[in-house]
Each structure stands twice: as structure tokens, then as C-alpha cells.
Amino acid sequence: MKKIIYVFSVLIVFASCNSNNEEVKEEKEEMTVESMKASIKEMDDSLKVMMDEAIKSPEYKMNRVAYHEAINRNKDFYQTFPNDPYAEKALGKIAGIYLQLNIEEEAVKWRDTLLNNYPNTEDKIGLLELQMNYYDYNMNNKEKIKHYANRLLAIENLSEEKREQYEFRLEHIDKSFEELIELQIIGDMEKVKTEHPQ
């Protein structure tokens, strides 16, 4: 009798697992690029409404759960359709929302994912600058600063002003972020003195 009950229990568990697997499979089959983009747009609209409310009323509390839901929908899109052109945009949104939430480590990680998977992404300079500044200001990680500065300097259509900034940072890689600011202030003051001698 015990054997019969045991076999019956195993069959029920097996049938239940099979049923769950079928549901998951059906759910995945129902997910399309368009349905997932619509789901992301829904969250974008909700976040915009919340942002508008926050601007109108200083007492308004932003719903962090909604931000995390937006992140998860974009992650799902990227993981489900990594070869779709929209995946690049989804990665940008993930990094941007983490930045809004002040979860800097995650923002850095997802910006790197975006830069590595889409090396010619539209906002490449801005993303590389954010990465370099993060490692400069927060970590004083000289290797990472060099890495991102060199990637920036490798960009062909970089303005002369920006090129000078990155080269200046590399020339003074031994300085901390604060020391670099002091050095720049002293340099600016000396430049003013030579341009406008009294």
C-alpha cells in the first residue's frame, strides 16, 4: 500500500512539474518583440506620470518598486531578444534607471554591458565619460581611468577640448580627483595672469 501511495505521489509531482513547464513554455512563446516593447512603454509612461507628480508636489514619494519593474522589463527584453536592435536601447534604460536610483555599481555594470555589446552606441562619449568619472571620483582606480580615457582618445571625431581634458587626466594619473581639480584651478589662474598681466 505504501508503495502505491509513493508511486502515485511521484506521478502527481511529475505531472505538476510538466504542467508548470508547459505554462512557462507557452508564456515564452507568447512573448514577442512587440509585446515586450509595449510592456516597457507602459512602465515608461508610468514613470513619467510619477516624475511629473514629483515635480508638482515636493511631498510626493517616488515608487522605487516601479523603477525596479521597469529595470526588470528591460532586462527581460535584452535577455530574450539580445539580437534585436531595441536591445541596445533597453541596456541604456537599465543603466539610466539604476543611475536615477543611485545604485551606482549596477549602473556601471550595465553601462559596460552596453559599451561592450554595442561599441558604436549613440551616446558612446557620454557613457565612457560616466565610466571614467565613476572610477576617478569614487574609486581612484588608475587602471580603469586609463582604460576609459584611452577609449575616449581613440574616438576619431573627438573635439580638441575633450581630447585635451583626457590627455591632461592621463598626464596626471598619479593625482586623485581632488588633487586634479586643484591642479586645474591653479593652471586656470596662471593662464589668466599670463593673458591679462597687470
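Brief remarks follow.
- When the listed pairs Lys37/Lys89; Lys124/Lys144; Lys109/Lys144; Lys124/Lys146; Lys93/Lys162; Lys48/Lys89 are checked against a 20 Å cut-off, the alpha-carbon distance exceeds it for Lys93/Lys162.
- Cleavage-rule hits (GluC sites (Glu not before Pro)) in the range 112-198: DSSP loop, at most 12 neighbouring Cβ within 10 angstrom: Glu122, Glu156
- Centroid-to-centroid separation of the range 89-123 and the range 31-84 [C-alpha atoms, Å]: 15 Å
- Accessible area (Å², per residue) of the range 91-131, counting only protein heavy atoms and a probe of 1.4 Å: 46 Å²
- Kirkwood-type hydrodynamic radius, the range 33-120: 13.5 Å, calculated from all non-identical alpha-carbon pairs.
- Length gained on full extension, Glu167 to Met139, computed as 0.36 nm times the residue gap minus the Cα-Cα distance: 8.1 nm.
- Only Lys, Arg, Asp and Glu carry charge here, each on its Cβ (+1 for the first two, -1 for the last two); on that basis the range 39-113 has a dipole of about 20 debye about its Cα centre.
- Of all aspartates and glutamates in the structure, the ones whose alpha carbon falls short of 19 Å from that of Lys56, not counting any fewer than 8 places away in one chain, are Asp44, Asp45.
- Restricting the calculation to Cα atoms, the range 122-175 shows an Rg/Rh of 0.94 when the hydrodynamic-style radius is the Kirkwood one.
- Carbon/sulfur fraction of accessible area - the range 122-175, other protein chains in place, 1.4 Å, %: 45 percent
- The largest-to-smallest principal axis extents of the Cα set in the range 53-198 are 61, 42, 25 Å.
- Shown are Ile155, Ile94, Ile125, whose ranking by accessible area with a 1.4 Å probe and every protein chain present, most to least, is Ile125, Ile155, Ile94.
The values are calculated or read from the model by the stated rules, or taken from the named source; none is laboratory data. Everything numeric here is computed off the predicted structure, so don't read it as measured data. In this analysis, Cβ positions are derived from the backbone assuming ideal geometry, glycine residues included, and neighbour counts consider all displayed protein chains. Side chains are part of the model used for accessible areas, which takes the heavy atoms of the whole protein and leaves out ligands, DNA and RNA. Shrake-Rupley method; radii C 1.70, N 1.55, O 1.52, S 1.80 Å.
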